[in-house]
Amino acid sequence: MTKTSRFDLENEPLPARIAVGLNKVGLALKFQGWQAAGQRGLSPLQGQILSMLSTARGGLKPTVLAERLAVSAPTISDSVKALTTKGLVERRADERDARVSLVVLTTKGRAEARAAAGWPDFLAGAVEALDEAEQEAFWRGLVKMIATLQRDEQIPVSRMCITCTHFRPNAHRDASMPHHCAFVDAPMGARHLRLECPEHEEAVVAARNATWKRFTSSP
Ligand code: SF4
């Protein structure tokens with residue numbers, strides 16, 4: 001049984017302190033994002049569009065970009081126009097349906113997307129201060145938090161393992177790699193869980209709920 005310390009009585013509860021800590025990290029990210037974007041002549045939203053397109057095979061519809069980035073269609077339209085003028089993206093007809101127009105990265109845009117994706121490098125340095133076991137526990141907790149926020153419709157949907165039709169949580173006895181990805185037919189550990197996977201296919205609601213229950217029932 002855990003002993004009680006006077007800090008248990010005087011401190012804010014741990015969930016509240018974790019929320020304050022995350023808020024501080026969020027502020028640091030926002031500040032760095034604005035600085036980095038400004039240096040390259042991009043708005044943070046334009047940087048996010050480039051990052052999102054870099055993980056999508058074959059481009060994305062503007063409506064999908066708006067949905068994933070939780071902004072309005074006119075806002076996406078303005079940013080796509082600005083990125084087109086800069087030569088970073090272009091419109092292309094969808095090969096499956098010529099009536100559908102997709103936003104795709106140009107070669108210049110792909111290079112810029114790699115730089116935009118590097119915005120949180122300063123955070124990666126801080127995360128490296130954690131040892132391997134701490135990183136894995138942190139990653140698992142983070143994935144769980146993001147999935148909860150997504151289920152509560154507080155953040156845009158991301159293409160993460162937990163909502164994927166190919167994800168089989170706790171399918172193996174090996175505690176270091178308990179999960180399974182049916183798409184590549186390979187076991188996965190918590191450290192392998194993805195937040196933005198190009199192969200992701202959204203599972204139906206009942207399957208998502210069952211996956212969530214099975215995933216969160218493990219220690
Ligand atoms: S296809 Fe991608 S998102 Fe789906 S389970 Fe495999 S790695 Fe995860």
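Name all residues of the range 9-49 having a backbone nitrogen under 17 Å from the label point set 7 Å from the Cα of Ile146 along its Cα→Cβ direction, giving them as ranges.
22-23, 25-27, 29-30, 48-49, by backbone N distance to the label point.
Can you give the FRET efficiency to the nearest 0.05 for Gln154 and Val100, using r as the Cβ-Cβ distance and R₀ = 35 Å?
Computed FRET efficiency for Gln154 and Val100 comes out at 0.75.
How large is the direction-averaged shadow of the alpha-carbon convex hull of the range 159-206, in nm²?
With every direction weighted equally, the projected area is 3.2 nm².
Under a straight-distance cross-link criterion of Cα-Cα below 17 Å, which lysines are reachable from Lys213, leaving out those fewer than 8 residues away in the same chain?
Of all the lysines, those that pass the test against Lys213 - Cα under 17 Å, at least 8 places apart if same chain - are Lys144.
For q values of 0.19, 0.22, 0.30 Å⁻¹, compute log₁₀ I(q)/I(0) with the Debye formula on a Cα-only model of the range 127-169, without solvent.
-0.66, -0.79, -1.00
What are the ³J(HN,Hα) values, in whole Hz, obtained from phi via the Karplus relation 6.51 cos²θ - 1.76 cosθ + 1.60 with θ = phi - 60°, for each residue of the range 166-171 in sequence order, with x given for Gly and Pro?
These are the phi-based 3J(HN,Hα) values: 8, 8, 10, x, 6, 8 Hz.
Hey, which aspartates and glutamates would be in cross-link range of Lys81, C-alpha to C-alpha under 14 Å, not counting anything within fewer than 8 residues on its own chain?
Glu90
Using the C-alpha atoms of the range 130-216, what convex hull volume per residue, in cubic angstrom, is computed?
94 Å³
Near the amide H of Leu102, under 5 Å away, which other amide H atoms are found, from residues 5 or more places off or on another chain, if H is placed in the peptide plane?
Arg92, Ala93, Asp94
Determine ³J(HN,Hα), in whole Hz, for all residues of the range 156-164 in sequence, where each value follows from phi through the Karplus function 6.51 cos²θ - 1.76 cosθ + 1.60 and θ = phi - 60°; x replaces Gly and Pro.
For the range 156-164, the Karplus-derived couplings read x, 5, 10, 8, 9, 3, 4, 9, 8 Hz, x marking Gly and Pro.
Output the 0 to 90 degree angle, nearest 10, between the alpha-carbon long axis of helix 205-216 and the longest principal axis computed from the alpha carbons of the chain.
Roughly 40 degrees between the two axes.
I'd like the Karplus ³J(HN,Hα) series for the range 54-60: coefficients 6.51, -1.76, 1.60, θ = phi - 60°, whole numbers in Hz, and an x wherever there's a Gly or Pro.
These are the phi-based 3J(HN,Hα) values: 5, 9, 10, 6, x, x, 9 Hz.
Calculate the radius of gyration of the Cα atoms of the range 21-117 to one decimal place, then report Dmax, the largest Cα-Cα distance, as a whole number, both in Å.
13.8, 48
Could you quote the convex hull projected area for the chain, Cα atoms only and averaged over all directions, in nm²? Mind showing how you got there, number by number?
On the way: hull surface 62.2 nm².
Its average projected convex-hull area is 15.5 nm².
How much mean residue ellipticity at 222 nm does the chain get from its helices, if each DSSP H run of length 4 or more adds -39500 (n - 2.57) and you divide by all residues, to the nearest 500 deg cm²/dmol? Walk me through the numbers on the way to the answer.
Numbers: 9 runs with 114 residues, N = 219.
Counting only the DSSP helices, I get -16500 deg cm²/dmol.
Bear in mind that the values in this text are calculations on the coordinates, not laboratory data. Predicted, not measured: the structure shown is a model, and the values here were computed from it. A quick note on method: Cβ atoms are made from the backbone with ideal geometry, for glycine too, and the neighbour counts reach across all protein chains shown.
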